[in-house]
Structure formats: structure tokens, C-alpha cells
Amino acid sequence: MPGVTARPRAMAYYVLALLCFISLLGYYDRYLVAILVESIKHDLGVSDAQIGLLTGFAFALVYSLMAVPVARYSDGGRRVLVLGCSLLVWSAMTALCGLAPGFLVLLVARLGVGMGEAGGIPSTHALVSDTFPARWRATALSATVVIGGLGFMIANAAGGWVADHWGWRAAFLVGAVPAPFLAFLLFTTVREPSKAPTSGRSPADRPMTIREAVSLLLSRRSYALLCAGMALATVGSAATLNWIPAFLMREYGLKAGEVGASYGLIMGLATIVALLVGGMLGDVLARIDPRWAIRLPAASFVLATPLTLMFLFAPNLHAALWLAAPMTLFASLATTPAYALVQRLAGNGNRAMATALYLLIVNLFGMGSGPAIAGWLSDRLAAGFGTQALQYALACVSFAYLLGGLLITCGARTVARDEVAANRT
């Protein structure tokens with residue numbers, strides 16, 4: 001692996017730790033808005049459809065479209081530079097969210113967060129893959145994703161607490177504070193990895209264009225079906241992720257801090273367990289049969305469907321909170337195996353690009369549309385279902401889990417062959 005032998009073992013762990021802290025901050029800034037939905041809605045006087053646009057499409061559109069060109073630039077030997085600049089941009093835009101006087105400025109600021117985070121995950125995954133050999137790569141990737149889950153939990157628990165005591169604007173401002181320090185450490189202590197040859201070419205040859213890289217990746221059937229199935233399933237996960245805090249506040253009369261301390265804690269811990277177990281279980285099963293790299297995420301989404309419906313229609317808050325853990329576990333179990341499979345199907349010269357294209361498809365069509373669809377359905381159903389409109393909207397959208405899981409399964413037949421092809425590049 002390029003750069004692996006040049007780094008001492010201790011330095012590899014230091015790089016991983018720093019990337020984990022950056023991932024934690026990124027997930028906090030990205031998902032903080034979910035716990036603040038009711039506060040923003042009442043303060044700025046916006047509808048559920050506008051909130052759905054804010055939590056989903058506004059972020060996902062810019063994030064997804066920018067990720068591919070930024071990743072291509074990152075793969076040119078500028079991964080540290082891209083990650084550091086991305087960190088500073090998304091944190092500055094998070095601070096602007098807290099200073100926004102109205103919905104339009106808040107929407108623009110969320111677009112800015114998406115622009116900054118476009119270079120975050122692809123560059124992070126590429127740096128991990130450059131730093132660790134193949135046998136440790138999935139575990140190292142799991143660490144950054146698990147820490148990201150911790151960031152989500154902190155966004156719910158700490159963000160909700162800050163919002164209750166100092167208002168929703170303060171919760172955004174707090175999220176921007178650590179960025180300059182982390183960016184300084186990244187720029188001054190982490191070296192750019194050696195640039196790897198791209199897709200079988202010698203370093204002196206012309207590098208692949210974006211179109212060539214996209215065409216090569218999508219020609220691998222299992223990669224294309226993984227992206228499409230994860231995008232469909234993410235319609236369900238993004239909708240529930242962004243709307244369940246508001247659902248609990250409306251259905252059971254909870255405050256933001258109470259949701260963060262109960263559901264946020266349960267969901268955060270379940271997410272961390274799912275991300276960690278998913279990575280390890282995916283590695284073990286894939287060694288037994290490569291097709292399990294596809295079957296595991298597919299099965300997790302199929303099981304998430306009935307659990308989500310049981311959670312939404314639980315008879316009381318106590319039962320709902322008990323169901324929150326298994327619901328979140330199966331909804332999140334696919335994340336780490338999917339990321340690891342993307343890297344295995346990427347080829348050495350397209351690591352950031354493979355992640356960016358995956359995120360483009362998944363986030364633009366999944367994360368972008370899920371919250372917006374749920375918000376739109378909630379507004380349409382309000383006349384007939386009243387305060388239960390959001391509950392039924394989320395129930396409808398949750399069937400995207402089942403459809404996505406079935407689509408992912410279709411890639412199992414070619415995953416082993418596609419991985420062999422990727423190893424040749």
C-alpha cells in the first residue's frame with residue numbers, strides 16, 4: 001500500500017484518531033438539525049415541507065453533487081488538503097446556521113454545510129485506506145464510522161440540552177468551535193500519502209477523467225446495485241432519522257432535551273453497536289462467502305421494516321423506547337459493510353472517487369428525498385389524521401427499507417467477480 005511502509009505504526013493510529021475526531025464533528029454538525037426541528041419550526045414559523053427541505057434536500061443536493069469532483073481532486077494526492085479545507089468550510093457554515101435571521105439564510109447555510117462536508121467522508125476513507133493495509137482496513141473504517149455514530153448521539157443529547165437551556169442557535173454555534181484546532185493538527189502533523197497509479201496505468205500516464213472513473217465503477221454490477229439499493233433504503237432511514245425526534249415531541253409531549261436524553265441516547269448507543277458489529281460481522285461472513293458482503297446489508301434493511309412500524313404504532317412511550325434499540329440496530333447495520341464493500345470494489349486509484357459516487361447516489365436520492373417526502377406527506381395527511389399525520393407519513397416511507405434490501409440482494413451473484421476485477425486495477 002502506498003504510504004503504509006513510510007509511516008510508523010504509532011503514526012497510523014494517530015492519523016486514525018484524528019480522523020475519528022473530525023468524523024465526530026462532521027456527524028454532529030450534519031445531524032444536529034434533527035433535534036432542533038420543533039424549535040426552528042416554532043421560532044421561524046415554517047411548515048413540515050420546509051423543514052423536510054432543510055433537513056434533507058438542501059444538504060444532500062450540494063453534498064452529493066460536489067462530492068464527485070472534490071473526490072477526483074482528492075485522489076490526485078491532495079487528501080489532507082481537501083479534508084482540512086472541508087472541515088473549515090462546513091464548520092463555518094454551521095456557525096452561520098446559528099446566526100441565521102430567517103429560513104432563507106438558514107437554508108443557504110445548510111447548503112454551505114453540504115458543500116463543506118462533500119470532501120469529508122471520501123477523503124477520510126481514502127486516507128484510512130492509504131494508512132492501513134488491507135487486512136486492517138475494514139476495522140479502521142469501522143472506527144471512523146462508529147465515532148460518527150457517537151457524533152450523532154452527541155448531537156441529539158448535548159444539542160437538545162443546549163437548545164433547552166440557551167436556544168437552538170447556541171447548539172449550532174457550539175458545533176463550530178473545535179474545527180480550527182482539528183484543522184491545524186491535520187495540516188501540521190499529517191503528510192499527504194503517496195499518489196497511487198490509477199486503474200492499471202503507470203504514474204506517467206494520463207490519470208482517469210471523472211467520466212472514465214464513473215463508467216468503470218458502475219460497470220461493476222454489484223457496486224451499481226449496492227448504490228441503487230442503499231439509495232432506496234436511505235429514503236426510509238433519512239426520513240426516520242430526521243423526523244422521529246419531532247414525532248416523539250408531538251406524540252408524547254416531550255421537550256428536545258428529554259428526547260435527546262431518552263431516544264437520542266438509546267438510538268446513539270444502538271447505532272454505535274450496529275456500526276461496530278456490522279463491520280466485524282461483514283468481514284467474517286465475507287471470508288466464508290463473498291456474497292455475504294451483499295446479503296448482510298440487504299437482510300438488515302428487510303428486518304428494519306417491521307421494527308419501524310412497531311415503533312411508530314407502539315401503545316406508549318415506554319414500549320416505543322424499548323423498540324427504538326432493535327429498530328436502529330437493523331437500520332444501521334448495513335452502513336459499515338457497505339462502506340467496506342465500496343472500498344473493495346473501488347480499485348487502488350479510485351478510492352475517494354468510489355466513496356464519493358456512492359454518496360452521490362445514496363444521499364441525493366435517499367437522504368435528499370426521504371425527509372422531504374415524509375414532510376410533504378405529513379402536510380397532505382394533516383387534514384385526515386390531524387396530529388397523527390407525521391406518524392402515518394413515516395409508516396409509508398419506512399417500506400423503502402424493504403424495497404432497498406431486495407434490490408441490494410440482486411448484486412450477490414457478481415460481487416466476487418467484481419472484487420477480482422477491482423484488485424487488478
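The values are calculated or read from the model by the stated rules, or taken from the named source; none is laboratory data. Quick caveat: nothing in here was measured; it's all calculated off a predicted structure. Cβ sites come from the backbone with ideal geometry, for glycine too, and all protein chains shown count toward neighbours. Areas reflect the complete protein model, heavy atoms only, side chains present, ligands, DNA and RNA absent. Shrake-Rupley method; radii C 1.70, N 1.55, O 1.52, S 1.80 Å.
Which percent of the accessible heavy-atom area of the range 22-65 goes to carbon and sulfur, probe 1.4 angstrom?
Working: 710 of 1140 Å².
Roughly 62 percent, rounded to a whole number.
In this rough spin-label picture, where each label sits 7 Å from Cα along the Cβ direction, the ALA314-ARG287 distance is 3.7 nm.
What does the charge count near GLY120 come to, summing +1 for each Lys or Arg and -1 for each Asp or Glu among other residues with Cβ under 13 Å from its Cβ?
Details: positive: ARG30, ARG79; negative: ASP29, GLU117.
After counting each charged neighbour, the total is 0.
Centroid-to-centroid, using Cα positions, the range 51-86 and the range 285-305 are 28 Å apart.
Accessible surface computed residue by residue for the range 263-302, with neighbouring protein chains in place and a 1.4 Å probe, gives 42 Å² per residue.
Under the rule a/c < 1.5 gives rounded, and otherwise a/b versus b/c splits prolate from oblate, where does the range 1-157 land using the Cα gyration tensor?
On the way: a/c = 2.82, a/b = 2.03, b/c = 1.39.
Verdict is prolate for the range 1-157.
Of GLY257, ALA238, ALA338, which is farthest towards the positive pole of the chain's charge dipole, taken about the Cα centre with +1 and -1 on the beta-carbons of Lys, Arg and Asp, Glu respectively? Most positive-ward Cα: ALA338. Taking a ≥ b ≥ c as the square roots of the eigenvalues of the Cα gyration tensor, the range 93-161 is classed as oblate, since a/c reaches at least 1.5 and a/b does not exceed b/c. The residues packed around ALA246, meaning those with a beta-carbon under 9 Å from its beta-carbon, carry a net charge of 0 if Lys and Arg are +1 and Asp and Glu are -1.
Quick one, can you get me the convex hull of the C-alpha atoms of the range 269-336 expressed as volume per residue in Å³? Mind showing how you got there, number by number?
Values: hull volume 4.2 nm³, N = 68.
Enclosed volume per residue, from the Cα hull, is 62 Å³.
Quick check: net charge around ILE288, other residues with Cβ under 15 Å of its Cβ, Lys/Arg +1 and Asp/Glu -1? Neighbour charge sum, excluding ILE288 itself: 0.
At 1.4 Å probe size, with every protein chain present, just tell me what the per residue accessible area of the range 30-76 comes to in Å².
The answer is 29 Å² per residue.
Among GLN388, GLN343, GLN50, the largest mean-square fluctuation in a Gaussian network model of the chain (Cα springs under 10 Å) belongs to GLN388.
Note that the range 83-158 presents 28 Å² accessible area per residue, ligands and nucleic acids not counted, probe 1.4 Å.
With charges set only on the Cβ (+1 for Lys and Arg, -1 for Asp and Glu), what does the dipole of the chain come to about its Cα centre, in debye to the nearest 20?
Details: 29 positive and 18 negative charges, 282 e Å.
Approximately 1360 debye in magnitude.
Relative to the compact-globule estimate of 2.2 N^0.38 Å, the Cα radius of gyration of the range 165-304 comes out at 1.49.
Out of the total accessible area of the range 272-425 (probe 1.4 Å, heavy atoms of protein only), what percent is carbon and sulfur?
Working: 4290 of 5980 Å².
In the range 272-425, the share of accessible area belonging to carbon and sulfur is 72 percent.
Carbon and sulfur: what percent of the range 86-141's accessible surface (1.4 Å probe)? Reported share for carbon and sulfur atoms: 80 percent. Taking square-rooted eigenvalues a ≥ b ≥ c of the alpha carbon gyration tensor, is the range 317-381 rounded, prolate or oblate, where a/c under 1.5 means rounded and, failing that, a/b exceeding b/c means prolate? Since a/c reaches 1.5 but b/c is at least a/b, the shape of the range 317-381 is classed as oblate.
The coefficient of translational diffusion for the range 144-193, derived via Stokes-Einstein from the alpha carbon Kirkwood radius under 10 °C and 1.306 mPa s, stands at 126 µm²/s. When the P(r) of the chain is calculated, the portion above 41 Å amounts to 11% of the C-alpha pairs.
Given the DSSP H assignment, sum -39500 (n - 2.57) over each helix run of at least 4 residues in the chain and divide by its residue total; what's the result at 222 nm in deg cm²/dmol, nearest 500? Intermediate results must be reported in sequence, preceding the final value.
Numbers: 22 runs with 330 residues, N = 425.
That comes out to -25500 deg cm²/dmol.
Pairwise inverse Cα distances across the range 268-425, averaged and inverted, put the Kirkwood hydrodynamic radius at 17.0 Å.
At a threshold of 8 angstrom on Cα-Cα distance, excluding pairs fewer than six apart, so keeping six or more, what relative contact order does the range 335-402 reach in percent?
Numbers: 31 pairs, mean separation 13.6, N = 68.
This gives 20 percent for the range 335-402.
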